[in-house]
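Before any comments, here is the structure.
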Amino acid sequence: MDFYILAQQLVNGITLGAIYGLIAVGYTMVYGVIRMINFAHGDVYMVSAYIAAITLAVLHFFGVQSVPFALITVLVITCVITGFYGWSIERVAYRPLRGSTKLAPLISAIGISLMLQSYVQIAQGARDQGVPVLISGAFRLGSDRDFVQITYMQVVILAASFIAMAILTYVINHTQIGRQCRATQQNRGISAILGVNTDRIISTVFVIGAGTAAVGGTLVTINYGSFNFFIGFVMGIKAFTAAVLGGIGSLPGAILGGLLLGLTEALFAGYVSTDYKDVFAFALLIIILFFRPYGLMGQPEIQKV
Amino acid sequence: MDNAVKPVLIVKLAKEALFTFVIALIVLGPISGLVLEGFSFRTELARALSLAAVVAAGRVLISFLLGTRICSRALQRFNRNSGGGVTVRKGDEKFPYAVIALVFMAGLSFPFFADKYILGVAILALIYVLLGLGLNIVVGLAGLLDLGFVAFYAVGAYLLALGSQYIGLGFWSALLIAPFLAGFCGMILAFPVLRMHGDYLAIVTLGFGEIIRLVLTNWLEFTGGPNGAPAPAPTFLGLEFTRTARQGGVPFHEYFGIPYSADYKFWFIYIVLFLVVSGVVYSVHRLRAMPLGRLWEALREDEIACRSLGVNHVFTKLSAFMLGASTGGLAGVFFAVHQGFVNPTSFTFFESALILAIVVLGGLGSTFGVILAALVLTILPEVLRDFAEYRVLVFGILMVVMMIWKPRGLVRITRPAFFPSSKSVVEISTNQALEVGR
């Protein structure tokens, strides 16, 4: 019986972790190229949840019944529109601040975060929003009394996260743009000298980050069915914890960190306390920063003068 | 401007307008144009279009203003005259004692002219001045972004509420303990983080603020959870401000033989708060001239240079962080005693963001600017209650605009002199104010 509870928590944890990983990608890639924590990233995720719900409602309005078609359409449209968010935020709030004081981009990011939250609250209302259940049902492994339940939605989440990560890894490792991203991450100045349009690469990175966050946002929205304008805050800190856990700046690190955070959080919630699971995640962040600030897969940063 | 340039400019502006309009429509359209209602939606097409049009018009206006010669020249002149760099005092400037004394006396006698509502707003404004001054030490002077400042505010407030409940602390004892407790919390939090990359501090403090709030909400037996906890009323030399005192006590008005008024309590809180704010302003003023304060600002400007000169960066940052936290704790005690009640909803991230907005708009590092911004940002929402919805949105926009336009604040920073104000020393060195460009 205990085994089944543990297995169930592990399944839930991995699903949650995949989402954390998707959102952590945005933090880690942006940090990689411009060495800055994009505080507005959690709110980009929140915006994507709203866009996904709106797209779903519009599809429903036009009488789309096919679930796979609806799911893929929602994912694509949400990714594209949220990508535009990423691009515009970079263009408006971060690009003018290149070469400004150290504190300026951070404060600007806080400003964007407040703007997005407040904008969504004014436009859509402060109450909780919901989406209908799209995919129900589950696999059950085990006997009638003791079983592990894997919902079809969890399978979809894992599959979609895996596909998104696979595409991203391919793009970063094997395409022209990916090579330029990695070059910019290594050394922006030298890359610019060698003909990489670093401004465009930075924009691209923001778009990619927003896009993966949008995949996460869509999946969470469809899975839990309920969201409000404030969800980005806690999710932002947790995804950042995942990014730091894996080593900020490292793409596989973000995925690993996300999975680890999801697992430990699910186990904590299952065995210790659900009230304090957020406290656990934040405390974990402080502990990692104390003992291993460069994370599991990151390199210690050496500051050259 | 000659005629040949004009059509080119207009075409360029039109292109820009179209581009911005399309992007704004894609970005802002779905959320403002299609409002979710349950599982369905209603369309607000006009709102989405007008919003995108406003954004496009704003963009064109800015490009147009920057494009014309008169405006760019005016802007240049404006930029030269304010903000940007730092003026270092020569050391022989006259300190405006008369003005300071006048402001001090006016502030102190304020409650005798104000009614209860205005006094309440003034107390709240002064609490934010105190919070702003505290965060200004951390963000403005030392350059450490603290996004969980509200946690120290909560520590102070809950110290009074829970302290009176469990160990019988009063207002005065809480006022003495709060800075030390909040500073201690700040030390525990910041010590591990200050050794590494500056950006991490921001997110760790953000997490810490949230931990404090979640613990206050969830630990029902100790803190009262979401229902909060009552905070005791203040006493003056053991005299209470109630109509009839508790057993064996004498109320304030009977002791002095004056008629009872419910306002005395607020007068008392205001005056103590005003004295504490004045004390903090004075301390910050002195600190900036002391080696420690100079180290804060030096570390903010160039950490590597400071460390290579042997500055203990961890201690220096820690001292700033702790002093800031202590000030936040003080403000918390005043908040609790003024409200008579505390609960976790007063200590959300929005509160931290509001305090940060005060510091940013006040011009990071300028005491005068921070006081002004705190007064404006707390009094303005009282006046413009109809636009309360848009308050946070405006703060966000202002923060971004300030960072793009004037990352060092609206008020030009003056730095205390580097040498004693003796006449001979000044003559040997330069006769002009040093200009340190940014």
Of the residues A:L219, A:L289, A:L296, which is under 18 Å from B:V193 (Cα atoms) and crowded, with 24+ Cβ neighbours inside 10 Å? A:L289
Being away from chain B (no Cβ under 11 Å), assigned to a helix (DSSP H, G or I), at pLDDT 85 or above and surrounded by fewer than 23 Cβ atoms within 10 Å (Cβ to Cβ) is the requirement here; does A:L256 meet it? yes
What is the residue count in the range B:361-385 for residues that are within 14 Å of chain A (Cβ to nearest Cβ) and free of Cβ contacts under 8 Å to residues at least 60 places away in the same chain? 2
Just checking, which of A:T55, A:T73, A:T78 is within 20 Å of A:I112 (Cβ to Cβ) and assigned to a helix (DSSP H, G or I)? A:T78
For the range B:7-30: of the residues being out of contact with any Phe, Trp or Tyr (no Cβ under 6 Å at 6 or more places or on another chain) and facing chain A (nearest Cβ under 7 Å), which is surrounded by the most Cβ atoms within 10 Å (Cβ to Cβ)? B:P30
Could you please find all residues in the range B:173-187 being at pLDDT 85 or above and either touching a helix residue (DSSP H, G or I) at 6+ places or on another chain (Cβ under 9 Å) or within 14 Å of chain A (Cβ to nearest Cβ) (or both)? B:L175, B:I177, B:A178, B:P179, B:F180, B:L181, B:A182, B:G183, B:F184, B:C185, B:G186, B:M187
Residues of the range B:303-351 being within 14 Å of another protein chain (Cβ to nearest Cβ), among the hydroxyl-bearing types (S, T, Y) and under 23 Å from B:P230 (Cα atoms), which ones? B:T345, B:T348
If we keep just the residues of the range A:222-245 that are part of a helix (DSSP H, G or I), within 13 Å of another protein chain (Cβ to nearest Cβ) and aromatic (F, W, Y), which is surrounded by the fewest Cβ atoms within 10 Å (Cβ to Cβ)? A:F233
Among (1) touching a Phe, Trp or Tyr at 6+ places or on another chain (Cβ under 8 Å); (2) closer than 27 Å to A:N187 by Cα, A:A57 falls short only on (2)
Among the residues of the range A:126-137, how many are exposed (fewer than 15 other Cβ atoms within 10 Å of the Cβ) and assigned to a strand (DSSP E or B)? 0
Subset of the range A:123-140 [more than 7 Å from chain B (Cβ to nearest Cβ), without any contact (Cβ under 8 Å) to a residue 40 or more places away in the chain and not polar (S, T, N, Q)]: A:G125, A:G137, A:A138, A:F139, A:R140
Scan of the range B:39-65 for residues that are exposed (fewer than 14 other Cβ atoms within 10 Å of the Cβ), under 32 Å from the mean Cα position of the chain (by Cα) and closer than 16 Å to A:I122 by Cβ, ordered by number: B:V54
If we keep just the residues of the range B:141-186 that are buried (at least 21 other Cβ atoms within 10 Å of the Cβ) and in contact with a strand residue (DSSP E or B) (Cβ under 7 Å, 6 or more places away or on another chain), which is nearest to A:P105 (Cα to Cα)? B:A157
Which residue pairs have Cβ atoms under 6 Å apart, sit 6 or more places apart or on different chains, and have a first residue in the range A:288-305 that is within 11 Å of chain B (Cβ to nearest Cβ) and a second that is surrounded by fewer than 19 Cβ atoms within 10 Å (Cβ to Cβ) and modelled with pLDDT under 70? A:P293/B:M196; A:Y294/A:P300
Considering only residues that are buried (at least 22 other Cβ atoms within 10 Å of the Cβ) and not charged (D, E, K, R), look in the range B:212-222 and name the one that is nearest to the other protein chains (Cβ to nearest Cβ). B:I212
Taking into account only those residues within the range B:276-316 that are of a type in the set (D, E) and either assigned to a helix (DSSP H, G or I) or not assigned by TED's automatic domain parsing to the domain that holds B:A154 (or both), which is nearest to B:S352 (Cα to Cα)? B:E297
Looking at B:S319, B:S346, B:S352, can you tell me which residue is buried (at least 24 other Cβ atoms within 10 Å of the Cβ), assigned by TED's automatic domain parsing to the domain that holds B:A151 and part of a helix (DSSP H, G or I)? B:S352
Leading residue by the ranking (surrounded by the fewest Cβ atoms within 10 Å (Cβ to Cβ)) among those in the range A:105-122 that are within 7 Å of chain B (Cβ to nearest Cβ) and under 18 Å from B:D199 (Cα atoms): A:L106
Cβ-Cβ under 7 Å, sequence separation 6+ or interchain: first residue in the range A:23-47 and more than 11 Å from chain B (Cβ to nearest Cβ), partner outside any helix (DSSP H, G or I). Which pairs? A:G26/A:N38; A:T28/A:I248; A:T28/A:G249; A:T28/A:S250; A:V30/A:M36; A:V30/A:N38; A:G32/A:G249
When you look at A:P96, is it at the interface with chain B (Cβ under 7 Å from one of its Cβ atoms) and either assigned to a helix (DSSP H, G or I) or touching a strand residue (DSSP E or B) at 6+ places or on another chain (Cβ under 8 Å) (or both), yes or no? yes
When you scan the range B:122-133, do you find a residue that is assigned by TED's automatic domain parsing to the domain that holds B:E351, under 17 Å from the mean Cα position of the chain (by Cα), more than 16 Å from B:L330 (Cα to Cα) and touching a residue at least 60 places away in the same chain (Cβ under 8 Å), even just one? yes
Write out, first by first residue and then by second, each pair whose Cβ atoms fall under 8 Å of each other, whose residues are 6+ apart or on separate chains, and whose first residue, in the range B:164-178, is of a type in the set (S, T, Y) while the second is in a helix (DSSP H, G or I). B:S164/B:A174; B:S173/B:G163
Would you confirm, using the coordinates I've provided, whether A:I248 is aliphatic (A, V, I, L, M) and assigned to a loop (DSSP other than H, G, I, E, B)? yes
Checking B:R42 against (1) modelled with pLDDT of 80 or more; (2) part of a strand (DSSP E or B), which single condition isn't satisfied? (1)
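The values are calculated or read from the model by the stated rules, or taken from the named source; none is laboratory data. All values derive from a computational prediction rather than experimental measurement. All Cβ positions, glycine included, derive from the backbone under ideal geometry; neighbour counts span all protein chains shown.
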